[in-house]
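Heads up: the structure comes next, in structure tokens.
Values quoted throughout were computed directly from the atomic coordinates according to the rules given, and no laboratory measurement underlies them. From a predicted model like this one, the values you see are computed outputs, not experimental measurements. Here the Cβ positions follow ideal geometry from the backbone for every residue, glycine too, while neighbour counts run over all protein chains shown.
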Amino acid sequence: MTNDFPQALTIAGTDSGGGAGISADFKTMQMRGAFATMVVVAVTAQNTLGVQDALVMPPKLIDEQFASLAADFKIRACKTGMLADPLRVKTVVNNLKRYNFGPLTVDPVMIAKGGAKLLSDDAISVVREQLLPLADLITPNLPEAEELAQMQITTEAEMEVAGHRLQSMGAKNVLVKGGHFSSNDEANDFVLLADGHSFWMTAKRKQTRNTHGTGDTISSCITAELAKGKLMKDALKIGKAYVEATIKQGINVGHGHGPLNHWA
Ligand code: PLP
């Protein structure tokens, strides 16, 4: 047997409710035709109403998960999601430096829709200084871009400024997601590529509560496409279209923010 099937990796947290985190990553990668593997950094007790509890994995077990994957798979692209705290971020950074798992997409997950902190405040500077420079792509939403670029973002022009700042901090390509603008009837994202070329990806806003796991989904779709050998620019466009399609049809399970529909 060959080892040629596109293999991708998510380094993130679980969601017992199945809609976000590693569950969203696995569904997305599967639907996009990449074999998904995982390094579990944290386990959350979670449903569509929010995060009730979380437990972080010991660094040794994180190291061992990386080593298990490196010993057996040919991972061609990877992404990070929930990284929880400074020690977990540093452990992941060390492993990413140790192994070559292809282009790295950093989804700098900070706060879940229900308000739970998935990254502690003291870990933000570690993400900025140690993880961001390793990123082939960073995919912040507006609040995350504000934290990382250390500026307020109230206009699309400021999204572009933030994108350039994040690139000057070391991320090769940047996707600033505009879905959090509450007034806008569009959800427009700014892309700044490694070669300096930039463009906007536009979409009509869909009024729905079922948006649990959107950030995980776009970043894991892009990761799957990169694992399949797609160019960054094309992977980004496919990611935007995929998340739009899955939001359009959502699924009514649970009593809060329902998950996306990956079978739409
Ligand atoms: N839970 C985990 C473990 C996640 O990694 C993420 C990713 O952003 C979320 C929850 C976010 O959920 P929501 O889309 O509802 O903000």
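Quick notes on this structure:
- For segment 186-200, 3J(HN,Hα) computed residue by residue from phi via the Karplus equation (6.51, -1.76, 1.60; θ = phi - 60°) reads 10, 10, 9, 10, 9, 10, 10, 8, 4, 7, x, 5, 9, 7, 9 Hz, glycine and proline entered as x.
- Mean Cβ count within 10 Å, highest first, over the residues of peptides 95-107, 7-19, 216-228: 216-228, 7-19, 95-107
- Counting only Cβ charges, +1 for Lys and Arg and -1 for Asp and Glu, the dipole size of the chain around its Cα centre is about 540 debye.
- Cα gyration tensor shape for the chain, rounded if a/c is under 1.5, else prolate or oblate: rounded
- Alpha-carbon centroids, segment 1-75 and segment 222-260: separation in whole Å: 16 Å
- Long pairs among 27/90; 117/172; 204/230; 27/228; 204/237; 79/228, criterion Cα-Cα beyond 20 Å: 27/90; 117/172; 204/230
- Amide proton proximity set for residue 141, modelled H, under 5 Å, gap of 5+: 177
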